[in-house]
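Remarks on the structure that follows.
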Amino acid sequence: MRPSILITTLVALLALTGMALANIPDCNQSSIDTPARLGRSPKNAEVTDPTAQYTFKLTVRNAAGTPIAGWAANDVTLEVLAPCQNPFAGLNPNGASDANGKFTWGPASLDRPGGSCAGANVVRVRIVSANCTYNLNQVTSPDEDGDNLVALNDLAIFQQSFVNNNNPHQGDLDFDGVIALSDLGFFQKHFVAP
C-alpha cells in the first residue's frame, strides 16, 4: 500500500472514531439538572398546577460537553433504594433525550407511593452503556410516611420539620432551599388533589 493511501485511510478511521466518540455519553460532562434530591407523590399527576408537580431531569453530553440528542431512554434508569420506603428500580425516562440532551421523568412517572428519606446514595441514576452512576442522598414527598396517601399523618411529619426548620427532605417540598409557607402550599395542593 502506498504511503499516501495509508495516511488517507488512517485519517478517515480517526475521523470515524472521533464521530463515534462524539455521540457517546461522558460521565463527567453529563449531569442531573434538578436539586440534589428526588421528589415523588402518589398525587403528582393529579395536581393541576405544574409548579406543584415533581419532575426529574438528566442531561447527557459527550466528552466535548455537547448535548447528545436522541439517546435511547432504555439505556437510562432511575432507582430509589432501601432504606427508603417504596423503593423501585429501573424506571426509564419518558422518552429519548431531546435536542438539548435532556431526559425527563415527568409528573406521571413520579406519580408513585412516596416516603421522605435521607441517607447515603438512596437514589441512583445510571447511564447503563456508559457505566455512569449519579447518586442522590434525599427523597422528598408530601406522602411523608410512604403509605400511598397524602393525609393528616403526613401533615404532622411536615409540621415537625417546618417548626424546627430541619430535615429539608421532609420540609422543603418545593425545592427552593428554605422551609417556608410556600412548602405548606405545595403540601396542600397534593393533600386536596383528587
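By how many degrees, 0 to 90 and rounded to 10, does the Cα axis of helix 152-164 deviate from the longest principal axis of the chain?
The angle comes out near 80 degrees.
So which lysines pass the test for residue 189, namely a Cα distance under 19 Å, with those fewer than 8 places away in the same chain ruled out?
Excluding near neighbours in sequence, the set is 43.
Kindly put 189, 102 in sequence by how many other C-beta atoms sit within 10 Å of each C-beta, fewest to most. All intermediate terms of the calculation are to be shown ahead of the outcome.
Values: 189 21, 102 15.
Placing the least packed residue first, the sequence is 102, 189.
Over the chain, with a Gaussian network built from C-alpha contacts below 10 Å, which listed residue (94, 28, 74) shows the highest mean-square fluctuation?
Comparing 94, 28, 74 in the GNM, the peak value goes to 28.
Across the chain, what fraction of all alpha-carbon pairs, as a whole percent, falls in each successive 5 Å bin from zero upward?
Histogram of Cα-Cα distances, whole percents per bin: 1, 8, 15, 18, 15, 12, 9, 7, 4, 3, 2, 2, 2, 1, 1, 0, 0.
Suppose only helical runs count, i.e. DSSP H with n ≥ 4. What mean residue ellipticity at 222 nm does that imply for the chain under -39500 (n - 2.57) per run, divided by all residues and rounded to the nearest 500 deg cm²/dmol? Numbers along the way, then the final one.
Values: 4 runs with 49 residues, N = 194.
Per the formula, -8000 deg cm²/dmol.
Using a 10 Å cut-off around each Cβ, can you sort 84, 132, 27, 117 from fewest to most neighbouring Cβ atoms? If you can, show how the numbers build up before the last one.
Numbers: 84 22, 132 18, 27 14, 117 26.
Neighbour counts put them in this order, fewest first: 27, 132, 84, 117.
Rounding to the nearest 10 and keeping the result within 0 to 90°, find how far the Cα-based axis of helix 181-192 lies from the longest principal axis of the chain.
80 degrees
Pull up the cross-link candidates among the aspartates and glutamates for residue 57, meaning alpha carbon to alpha carbon under 17 Å and not fewer than 8 places away within one chain.
The qualifying aspartates and glutamates are 26, 33, 75, 79, 98, 111, 174, 176.
No value in this document is a laboratory result; all are computed from the given coordinates. For clarity, every value in this text was computed on a predicted model and none was experimentally measured. No Cβ is skipped: glycine too gets one built from the backbone with ideal geometry, and neighbour counts run over all protein chains shown.
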